Amino acid sequence: MTREGGIARQLILSADQEALRTAVRELLSDHCRWTSVLARVESDAPYDNGLWKRLGDLGVTGLLIPEELGGSGGDARDLAVVCEQLAAFVAPVPFLGSAVLATAALLAVRQEPLAQELLRQLANGEMTAALAIPATAVPGAALSRTVLATDGMLTGTVTPVLDLAPAEVVIVLAWDAGDPALYVVRPHDETAAVTPISSLDLTRPLCSLDLRAV
């Protein structure tokens with residue numbers, strides 16, 4: 001088989017993926033009209049929590065999470081199917097921040113009991129999470145060491161962070177004595193300030209995370 005032929009075969013959706021695409025499209029057609037999306041841009045509720053819960057019923061919120069942890073056990077191809085539909089409708093949900101970035105970070109340390117507990121909560125959509133790395137970071141490039149950990153206390157600022165506003169937990173990459181480590185932070189308290197940032201794309205809210213001895 002030629003390389004081009006192999007790529008073409010990879011782009012053909014399976015019956016399950018076709019069904020997933022149809023289900024997500026029909027849900028968004030009913031609950032994500034462009035008028036409501038634009039209205040949210042100018043409101044204090046840019047994310048649609050009801051739509052997020054409905055996507056959870058379809059297994060979308062836990063798409064990458066293994067079935068033994070309550071997820072759908074999907075892969076990158078399934079992810080592409082969902083992303084295509086969410087982008088087409090400009091859906092106001094934290095899919096990239098919670099179901100992709102934060103989930104991927106937790107899957108990397110899935111042997112940890114806390115990571116497993118959080119993945120189970122993310123799988124059914126009962127909780128949202130964000131990964132505290134700059135949204136401007138280039139894949140594969142070294143991340144700046146903006147958050148430092150000292151005796152379990154985190155200090156530093158990360159900006160801009162995608163889908164931080166609705167996140168109930170934040171997965172923070174911090175540096176402890178020169179080594180990288182992941183920490184779970186509950187945002188929106190007196191030591192973890194979440195500040196909105198003006199963005200050129202008002203349908204994709206960005207925020208900064210300021211940690212002061214968290």
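Structural remarks
- For the residues PRO139, PRO160, PRO187, a GNM of the chain with alpha-carbon springs under 10 Å puts the largest fluctuation on PRO139.
- The string of couplings for segment 140-148 from the Karplus curve (6.51, -1.76, 1.60, θ = phi - 60°) is x, 7, 5, 7, 5, 8, 8, 10, 10 Hz, one whole number per residue in order, with x for Gly and Pro.
- Ligands, DNA and RNA left out, the accessible area of the chain computed with a 1.4 Å probe is 56% carbon and sulfur.
- In the chain, inverting the average of 1/r over every pair of distinct C-alpha atoms gives 18.2 Å as the Kirkwood radius.
- Across segment 61-75, rounded Karplus estimates of 3J(HN,Hα) from the backbone phi angles (6.51 cos²θ - 1.76 cosθ + 1.60, θ = phi - 60°) give 5, x, 4, 8, 7, x, 4, 5, 9, x, x, 8, x, x, 10 Hz, Gly and Pro being marked x.
- Listed residues PHE95, PHE89 arranged by accessible area, highest first, probe 1.4 Å: PHE89, PHE95
- Backbone geometry of segment 98-112 corresponds, through the Karplus equation with coefficients 6.51, -1.76 and 1.60 at θ = phi - 60°, to 3J(HN,Hα) couplings of 8, 7, 10, 5, 4, 4, 4, 5, 5, 5, 5, 10, 5, 6, 6 Hz, x marking Gly and Pro.
- Whole-angstrom Cα spans of segment 54-156 along principal axes, big to small: 41, 30, 22
- Residues whose placed amide H lies under 5 Å from that of GLU168, excluding near-sequence neighbours: THR128, ALA129
- Within-14-Å neighbourhood charge of ALA174 [Cβ basis; K, R +1; D, E -1]: -2
- Each Lys or Arg adds one and each Asp or Glu subtracts one; over the other residues with Cβ under 12 Å from the Cβ of PRO66, this totals -1.
- Under 16 Å from the SER144 label point (7 Å along Cα→beta-carbon), backbone N, segment 176-212: 207-211
- A cut-off under 14 angstrom between Cβ atoms defines the neighbours of LEU107, and their net charge, with Lys, Arg +1 and Asp, Glu -1, is -3.
- ASP176 long-range amide H proximity, modeled H, under 5 Å: ALA149, ALA181
- Considering only ALA130, ALA76, ALA174, the Gaussian network model of the chain with Cα springs below 10 Å gives its largest mean-square fluctuation to ALA76.
- For GLY73, distant residues with modelled amide H under 5 Å away: ILE65, GLU67
- Calculated accessible area for segment 65-214 comes out at 48 Å² per residue, all protein chains present (probe 1.4 Å; ligands, DNA, RNA ignored).
The values are calculated or read from the model by the stated rules, or taken from the named source; none is laboratory data. Model, not experiment: these values are computed from the prediction. We place every Cβ from the backbone using ideal geometry, glycine too, and count neighbours over all the protein chains shown. In case anyone asks, the SASA skips ligands and DNA or RNA and just uses the protein heavy atoms, side chains included. Shrake-Rupley method; radii C 1.70, N 1.55, O 1.52, S 1.80 Å.
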